[in-house]
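Step one of this worksheet: look at the structure below.
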Amino acid sequence: MRTSDVKTTIVSTLEAITPDGKAHARDTFRHVDSAGRYSSTNQQAGRLPDRTFHVSLSSVPARADLLTMDAFHVEYLISIFYTAGQAQVEDRIGMDAERVTHALALAHTGTPDLFSVTVTPGMVDEFEQIIEAQLSARATYRLTGVS
């Protein structure tokens, strides 16, 4: 497993999360790539749908202090975006953070080279009617594919 595989696992895990019962059919976790592009008419209107998220590398991989020589840690910043001013947006952010934390804690069960993912809370910030909720995901994985 490489760092790009860790990111792919994080993204696919988040996109598979089922939102709360109040969510409508289009209200799902959607990843935007590193260039910040999102192919939707919402982007032309200057808005991204709630639960749009971005995953970016926040630390370079480092060897983990485990019994094996090929164990590494890497950390990613997860930014999830919401529209400010909605009713109960803080509850939605809190419940989504719980869902993300739980889903990533179980991500290793489907990926044998991923040992664990630990999520720590970050800041919540509002700018121009957009709320950004940040979480940090630290993954421990087995480095493969290197000669």
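Among residues other than residue 114 whose Cβ falls under 15 Å from its Cβ, what is the net charge (Lys/Arg +1, Asp/Glu -1)?
With Lys, Arg at +1 and Asp, Glu at -1, the net is 0.
Could you calculate the FRET efficiency of residue 126 with residue 62 from 1/(1 + (r/R0)^6), where r is the beta carbon distance between them and R0 is 25 Å, rounded to 0.05?
My answer for the efficiency is 0.15.
For residue 130, what residues show an amide H to amide H distance below 5 Å, using hydrogens built from the backbone and excluding near sequence neighbours?
Here 84 satisfy the definition.
Hey, what did the chain get for relative contact order, percent, Cα under 8 Å, at least 6 apart?
26 percent
Accessible surface of residue 5 in the full protein assembly, 1.4 angstrom probe, to the nearest 10 Å²?
Around 70 Å² of this residue is reachable by solvent.
Just read off the accessible area of residue 118 with the full protein assembly in place, 1.4 Å probe, to the nearest 10 Å².
Approximately 80 Å² for this residue.
Return the sequence-ordered ³J(HN,Hα) values of the range 79-93 in whole Hz as given by the Karplus equation 6.51 cos²θ - 1.76 cosθ + 1.60 applied to θ = phi - 60°, using x for Gly and Pro.
Per-residue couplings from phi come out as 10, 10, 10, 9, 8, 6, x, 6, 5, 6, 5, 5, 4, 4, 4 Hz.
Spelling out what I want: for every residue of the range 120-125, take phi, set θ = phi - 60°, compute 6.51 cos²θ - 1.76 cosθ + 1.60 (Karplus), and round to whole Hz; glycine and proline get x.
10, x, x, 8, 10, 9
Per-residue HN-Hα couplings for the range 55-63, Karplus 6.51 cos²θ - 1.76 cosθ + 1.60 at θ = phi - 60°, whole Hz, x for Gly and Pro?
So the Karplus estimates, Gly and Pro as x, are 10, 9, 5, 10, 8, 6, x, 9, 4 Hz.
Give the average over all directions of the projected area of the C-alpha convex hull of the range 85-135, one decimal, in nm².
The directionally averaged projection comes out at 4.1 nm².
Among 115, 53, 72, 127, what's the order by accessible area (1.4 angstrom probe), most exposed first?
127, 115, 72, 53
So how much accessible area does residue 20 have, in Å² to the nearest 10, using a 1.4 Å probe?
20 Å²
Over every pair of different alpha-carbon atoms in the chain, take the mean of 1/r and invert it; report that Kirkwood radius in Å.
The Cα-based Kirkwood calculation yields 16.1 Å.
The values are calculated or read from the model by the stated rules, or taken from the named source; none is laboratory data. Note that the structure is predicted; figures quoted are calculated from it, not measured. Here the Cβ is made from the backbone with ideal geometry for all residues, glycine too, and neighbour counts use every protein chain on show. Side chains included, ligands, DNA and RNA excluded: accessible areas come from the protein's heavy atoms. Shrake-Rupley method; radii C 1.70, N 1.55, O 1.52, S 1.80 Å.
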